[in-house]
Amino acid sequence: MAHLSLRNVGKTYAGGNQPAVCGINIEIADGEFIVLVGPSGCGKSTLLRMVAGLETTTDGEIRIGERVVNTLDPAERDIAMVFQNYALYPHMTVRDNMAYGLKNRGASKATITERVNEASRMLELGPYLDRKPRALSGGQRQRVAMGRAIVRQPAAFLFDEPLSNLDAKLRVSMRMEIRKLQKRLGTTSLYVTHDQLEAMTLADRLVVLNQGKIEQIGAPLEIYRKPASTFVASFIGAPAMSLLDAFIENGAITLEGHVLAQIGNMAGPVTLGLRAEDLRIAKEGLPMMVEHVEELGAQRIVHGTIGAQTLAVIDTGEAAVQGAVRVAIDPDRLHLFDTTTGQRIESKRQTARELAL
Amino acid sequence: MMQRIKPFDHLILIIGALFLIAPVVMAFMSSTHSAIDIHSNGLYFTPGSDAVGTYGKVLTHRGGFTGDVTGMRMLMNSMIMGLGFAVGKIVLSMMAAYALVYFRFRFATLLFWMIFTTLLLPLEVRIMPSYQVMSTLGLLNSYTGLIVPLLASATGTFFFRQFFRSIPDEMLEAARIDGAGPYKFFIDILVPLSRTMMAAIFIIMFIYGWNQYLWPLLMTTDESFYTLMRGIKSILQVWIGSQIPDYNEAFALAVLAMIPPVAVVVIFQRMFIKGLTESDK
């Protein structure tokens, strides 16, 4: 149990001129579940491996508890890691796999047996303790990898995309299990994923990374509701937020010549973000040409164009949607971003009345 | 899917099998006849009556100039050569490969290619300098001198290197987090994982050592270090006057010399295949 803090952490690979990761500041409270999320190549795994000690840290300071661990060996950092491919030792039984770390640390036989039994009870691995990993299913292997982390009772768990190798259904159930287990053990956790849904459901706080830098840190809902940049806006949420070129003039925001809302922001071009679920197909509103419809069962995603710009709308109606439709917008749910920097602009709405066009 | 039996395919296979087995059968059958019969009637494909006598004599008869080297002794020497080679080469090349793959040091790649290029040089090329070194060290006429100079194995190092590289990095990382140092990782993880590789290389290297002829011939003058290969040769060398060479004994020795390598292949092949089907990385 410990808090974790990354202060101005960065890494530049030898021979590389651009840092893979830079200026990372995260304070992680004891018992908190933090998810690092971002597209592939954004440096999230590198950052996790730096915390684990598998990659060197070239800048800044990593603290686990009160200790600065920058130069410590992975084994001395008091962390446990769960890998994407599980990295179980194929020649050892499940029991030996879990016990190996403790054995190397010179734990007594009694302690090892007790901890392994406890972990296997928690993870329901009891019947498989004497099997080799190859005789287990993917989900079971994943549990063994978790068990190997748990028995050590480390200060922090590090997860490196642990669910990517599982099928969709198992992924959902393992996701819940990981969350429950972490709550129960109260161990500080750092979890890397590229799956925004996984990130949203697991995290106490999300850290969205892009090109080695933090784009935004915050609770999942906060990030969802107030994405700090166009990158975060399009990365978090499915379907992705539609980003459109709009214009502010005369105190109103206009899209393709249609006035959407009265707004007090500076005049000029602006990127307008619209979430599909904040839009609905209605009798009045913006004219949209439907291009194709994704049927999801409970709802459908209607993709279309307004002028030359694409837009996604969630529709729960029964009637067929095609040709020209009208889309109603909730003016309180507009997201505005700077066209050049992509940063969020707080909208200064003057009146909150729905506009009839 | 069951395939229809094709007579022609079978015929070819049977001919092939006969072609390969015939010399072995012939050697064995001839070894059960007396030398005179063989000399006058040629080789035999039918069993004779002298089997017990010939094999008994071959194993226990004290031959050579000094008269105290028996077949058993030669068998033991060959065994020591074969096992020493196989075990020594595996240990040495595994450690070399471990260093090359898992440790970052200067010129590692260059070193690897240097080791690799020695594959191109057969033993005969460096046999004189090797002999000189051994002679200076006073290791002529010793098992150490017979085995050690040939232990460095580019083949083994190469195979183990490729194998280690195929082990996912996460295995090393997991072990590091589990607190296994370089020594423990090697013993606890790599060695058990390499069992299949070790079996394969053991087969190759045992036979290589078993079949050594030129090197023991140079390195040893003491007859108590005679190997089977030299024994066979020396039996056939006695063309003195009207004496008939002991063909039957030479055949018997050849048959005996075949048994251990065949046994090694059969035993380790099984391990090898078991390892192949079991391993699941």
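Taking A:Ala324 and the conditions (1) more than 20 Å from A:Leu243 (Cβ to Cβ); (2) at pLDDT below 85; (3) of a type in the set (Gly, Ala, Ser), which numbered condition does it fall short on, given that it satisfies the others?
In the conditions (1) more than 20 Å from A:Leu243 (Cβ to Cβ); (2) at pLDDT below 85; (3) of a type in the set (Gly, Ala, Ser), A:Ala324 misses (2) alone.
Just to be sure I understand, how many residues within the range B:29-75 are assigned to a loop (DSSP other than H, G, I, E, B), touching a Ser or Thr at 6+ places or on another chain (Cβ under 6 Å) and not hydroxyl-bearing (Ser, Thr, Tyr)?
Residues flagged as assigned to a loop (DSSP other than H, G, I, E, B), touching a Ser or Thr at 6+ places or on another chain (Cβ under 6 Å) and not hydroxyl-bearing (Ser, Thr, Tyr) within the range B:29-75 amount to 5.
Looking at A:Leu206, A:Leu190, can you tell me which residue is within 14 Å of another protein chain (Cβ to nearest Cβ) and either within 24 Å of A:Gly41 (Cα to Cα) or in a strand (DSSP E or B) (or both)?
Exactly one of A:Leu206, A:Leu190 is within 14 Å of another protein chain (Cβ to nearest Cβ) and either within 24 Å of A:Gly41 (Cα to Cα) or in a strand (DSSP E or B) (or both), namely A:Leu190.
With the condition kept exactly as written, say whether any residue in the range A:304-321 is in contact with a strand residue (DSSP E or B) (Cβ under 7 Å, 6 or more places away or on another chain), over 27 Å from A:Ser229 (Cβ atoms) and modelled with pLDDT under 85.
Yes, the conditions are met somewhere in the range A:304-321.
Pick from the range A:257-278 the residues that are closer than 15 Å to A:Gln309 by Cα and more than 33 Å from the chain's Cα centre (by Cα): which of them is surrounded by the fewest Cβ atoms within 10 Å (Cβ to Cβ)?
Among those that are closer than 15 Å to A:Gln309 by Cα and more than 33 Å from the chain's Cα centre (by Cα), it is A:Gly257.
Criterion first (touching a helix residue (DSSP H, G or I) at 6+ places or on another chain (Cβ under 8 Å) and in a helix (DSSP H, G or I)) does A:Ala80 satisfy it?
Values: touching a helix residue (DSSP H, G or I) at 6+ places or on another chain (Cβ under 8 Å): yes; in a helix (DSSP H, G or I): no.
Judged against the criteria, A:Ala80 is not a match.
Go through the range A:129-142 and give me each residue that's away from chain B (no Cβ under 14 Å) and at pLDDT below 90.
Of the residues in the range A:129-142, the ones away from chain B (no Cβ under 14 Å) are A:129-130, A:139.
Within the range A:129-142, just A:Gly139 meets the criteria.
In the range B:107-125, what residues are β-branched (Val, Ile, Thr) and under 26 Å from B:Gln212 (Cα atoms)? Full working, then the answer.
As a first pass, look at the range B:107-125 and keep what is β-branched (Val, Ile, Thr): B:109, B:115, B:117-118, B:125.
B:Ile115, B:Thr117, B:Thr118, B:Val125, listed by residue number.
Within the range B:117-142, can you find the residues that are in contact with a helix residue (DSSP H, G or I) (Cβ under 6 Å, 6 or more places away or on another chain) and not in a loop (DSSP other than H, G, I, E, B)?
Correct list: B:Thr118, B:Leu119, B:Ser130, B:Tyr131, B:Met134.
Among (1) in contact (Cβ under 8 Å) with a residue 24 or more places away in the chain; (2) within 25 Å of the chain's Cα centre (by Cα), there is one condition A:Ile329 misses while meeting the rest; what is its number?
If we test A:Ile329 against (1) in contact (Cβ under 8 Å) with a residue 24 or more places away in the chain; (2) within 25 Å of the chain's Cα centre (by Cα), just (2) comes out false.
Can you name every residue in the range A:40-57 that is more than 12 Å from chain B (Cβ to nearest Cβ), out of contact with any Ser or Thr (no Cβ under 9 Å at 6 or more places or on another chain) and modelled with pLDDT of 90 or more?
A:Thr46, A:Leu47
So A:Asp78 ticks every box in (1) more than 13 Å from chain B (Cβ to nearest Cβ); (2) among the charged types (D, E, K, R); (3) surrounded by fewer than 20 Cβ atoms within 10 Å (Cβ to Cβ); (4) in contact (Cβ under 8 Å) with a residue 12 or more places away in the chain but one. Which box is left unticked?
(1) is the only condition that A:Asp78 fails.
Checking A:Ile253 against (1) assigned to a loop (DSSP other than H, G, I, E, B); (2) in contact (Cβ under 8 Å) with a residue 60 or more places away in the chain; (3) within 33 Å of the chain's Cα centre (by Cα); (4) over 27 Å from A:Val37 (Cβ atoms), which single condition isn't satisfied?
Evaluating A:Ile253 over (1) assigned to a loop (DSSP other than H, G, I, E, B); (2) in contact (Cβ under 8 Å) with a residue 60 or more places away in the chain; (3) within 33 Å of the chain's Cα centre (by Cα); (4) over 27 Å from A:Val37 (Cβ atoms) leaves (1) as the failure.
Among what's in the range B:134-184 and is among the hydrophobic types (A, V, I, L, M, F, W, C), within 14 Å of chain A (Cβ to nearest Cβ) and in contact (Cβ under 8 Å) with a residue 40 or more places away in the chain, pick the residue that is nearest to B:Gly88 (Cα to Cα).
Ranking the candidates gives B:Phe163 first.
Return yes or no: is B:Met26 more than 30 Å from B:Phe160 (Cα to Cα), part of a helix (DSSP H, G or I) and modelled with pLDDT of 85 or more?
Yes.
State yes or no: is A:Lys283 exposed (fewer than 15 other Cβ atoms within 10 Å of the Cβ) and within 27 Å of A:Ile28 (Cβ to Cβ)?
Considered against the rule, which asks whether it is exposed (fewer than 15 other Cβ atoms within 10 Å of the Cβ) and within 27 Å of A:Ile28 (Cβ to Cβ), A:Lys283 comes out as no.
Which residues, taken from the range A:280-301, are over 15 Å from A:Ala324 (Cβ atoms) and not acidic (Asp, Glu)?
Selection gives A:Arg280, A:Leu296, A:Gly297, A:Ala298, A:Gln299, A:Arg300, A:Ile301.
The values are calculated or read from the model by the stated rules, or taken from the named source; none is laboratory data. A quick note: this is a predicted structure, and the numbers were derived from the prediction, not measured. Counting neighbours? That spans all protein chains shown, and the Cβs are built from the backbone with ideal geometry, glycine included.
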